[in-house]
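The values are calculated or read from the model by the stated rules, or taken from the named source; none is laboratory data. All of these numbers come straight from a predicted model, not from anything done at the bench. Backbone-built Cβ (ideal geometry, glycine too); neighbour counts: all protein chains shown. Accessible surface is based on the protein model in full, side chains and every heavy atom, while ligands, DNA and RNA are left aside. Shrake-Rupley method; radii C 1.70, N 1.55, O 1.52, S 1.80 Å.
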Amino acid sequence: MKRVLTVGLKYSGAPIDGIEFDNLGLCRPSVDQERAAFALYEYDVIVIHPKSYSHFLFGEEGEFSNSPNELGDLKRKKDEYDLDTVFDSTDREKELEAAIAGGTTVVWCLAEPRRMNFFGYRETSYGYAAPSVARLVKLGDLQLKKGRRMGAIDQESPFARYFASLATTGWSLCLADDDHESYTSIASTPEGYSLGGRVAIGTTAGWLITPPSSEAATNRLILDAVELVKADPHQEKYHGIFLSHTGADKPFVRQLRKDLLEHGVPQVWVDEAEIDVGDSLTAKIEEGMKETRYIGVVLSAKSIDAPWVKKELDIAINREIASGEVVVLPLLYEKCALPTFLQGKLYADFTSSEEYAIGLAKLLRRLRIK
């Protein structure tokens, strides 16, 4: 039996053998036992659409969903419906992390982050139960539009039929800026805005999709999600890797990070993906090197003399000497004179398109947890 949770939207099609649908919310069971979802890691598929606070708290539209004072209206109706009482965001976020780690398919629908000043500013993006996804939507410059025409659609993506259905009923939300390492677009508007894509931010992975605009489109979205094969968490597990590189090699590093994430490597640490404005550059890099098992040094004519690469390599060498285990992985991007310490090491060769696939396979074998 495959268990499917829909939050903020509902499957209304014919029953399907072997599929059990729950249309419930993310509220605390102690506040509303009947409308609260089970622990999120109990589901094989989760689809979340935080269109309003009621949508994500109770699973569907409520009497105050269209109110500009929805939070106040909910609290006046029942004091326990105060957002801080009815919703334990930390607990649901931990449940979702555990669900994703166990192979659960998660789909988040794009939704306007309705912002209300109610004992501090609150946003419906809480309902994603994944702060990194909420940040991605904010950074992606969410646009409210009205359209039917589609641009490019990745026909190999699991949601190709869903996007095709929107060509009839229309679409409304898209990301104007989808140039993020953690996001791979699978459908676009004619002007190039993204209507959906694959999300991979650290251990948070799933799909971010423009919301359905009809009952038929809702059913198609949920069915497409259900048809995705649940990943076997016991198949392949990988250690994380820190990619030490110079800015001149950034295009190669971005592609390598994307490929590693798509192959299931849980954490590929790259400075621009992990460091926020205001962070200490040195402290954050050292933190990233501590959190990952391996340090991949991208070698090119430019990187071997780059000060940052030298500093990171010194830290890596000291760790390798102290631990007596392999830590440093040479990744040859361009033919160059190797640093002395790396000359005796077998490297992964990425110097040509022909060698890239072989080099990627070698690197994945080393990262694999045995």
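Condition first: outside any helix (DSSP H, G or I) and closer than 16 Å to residue 29 by Cα. Can you find one or more residues in segment 68-77 that meet it? Looking through segment 68-77, none of the residues is outside any helix (DSSP H, G or I) and closer than 16 Å to residue 29 by Cα. Scanning segment 53-74 for residues that are buried (at least 19 other Cβ atoms within 10 Å of the Cβ) and either without any contact (Cβ under 8 Å) to a residue 24 or more places away in the chain or within 26 Å of residue 20 (Cβ to Cβ) (or both) yields 54, 55, 56, 57, 58, 59, 60, 62, 64, 74.
This table checks each residue for (1) farther than 15 Å from residue 135 by Cβ; (2) open to solvent by 40 Å² or more (accessible area, probe 1.4 Å); (3) of a type in the set (A, V, I, L, M).
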| site | (1), (2), (3) |
| --- | --- |
| 175 | no, no, yes |
| 180 | no, yes, no |
| 190 | yes, yes, no |
| 195 | yes, no, yes |
| 199 | no, no, yes |
| 202 | no, no, no |
| 207 | yes, no, no |
| 211 | yes, no, no |
| 214 | yes, no, no |
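Cβ-Cβ distances below 8 Å connect the following pairs, each with a first residue in segment 181-195 that is under 17 Å from residue 156 (Cα atoms), a second residue that is of a type in the set (Lys, Arg) and open to solvent by 10 Å² or more (accessible area, probe 1.4 Å), and a separation of six or more residues or different chains: 183/198; 184/198; 184/258; 186/198. Selection of segment 309-365 for residues being open to solvent by less than 30 Å² (accessible area, probe 1.4 Å), modelled with pLDDT of 85 or more and assigned to a loop (DSSP other than H, G, I, E, B) yields only 350. Scanning segment 235-258 for residues that are under 14 Å from residue 269 (Cα atoms) and open to solvent by 50 Å² or more (accessible area, probe 1.4 Å) gives 239, 254, 255, 258.
Evaluate segment 244-252: report whether one residue or more is at pLDDT 85 or above and under 30 Å from residue 145 (Cβ atoms). Within segment 244-252, none of the residues are at pLDDT 85 or above and under 30 Å from residue 145 (Cβ atoms). List the pairs whose first member sits in segment 40-51 and is under 16 Å from residue 101 (Cα atoms) and part of a loop (DSSP other than H, G, I, E, B), whose second member is of a type in the set (Gly, Ala, Ser) and at pLDDT below 95, and whose Cβ atoms are under 7 Å apart, counting only residues at least 6 apart or on separate chains? Pairs found: 43/99. Looking across segment 103-122, the residues that are surrounded by fewer than 17 Cβ atoms within 10 Å (Cβ to Cβ) and in a strand (DSSP E or B) come down to 115, 117, 121. Suppose we keep only residues that are of a type outside the set (Gly, Ala, Ser) and assigned to a helix (DSSP H, G or I) within segment 52-67. Which one would you say is farthest from residue 208 (Cα to Cα)? By that ranking, first place goes to 58.
Inspection of segment 9-32 identifies no residue that is within 22 Å of the chain's Cα centre (by Cα), open to solvent by 70 Å² or more (accessible area, probe 1.4 Å) and within 22 Å of residue 226 (Cβ to Cβ). Restricting attention to segment 123-171, the residues being open to solvent by 40 Å² or more (accessible area, probe 1.4 Å), in contact (Cβ under 8 Å) with a residue 40 or more places away in the chain and small (Gly, Ala, Ser) number 0.
Within segment 177-203, being part of a loop (DSSP other than H, G, I, E, B), touching a Lys or Arg at 6+ places or on another chain (Cβ under 8 Å) and more than 15 Å from residue 139 (Cα to Cα) holds for 189, 190.
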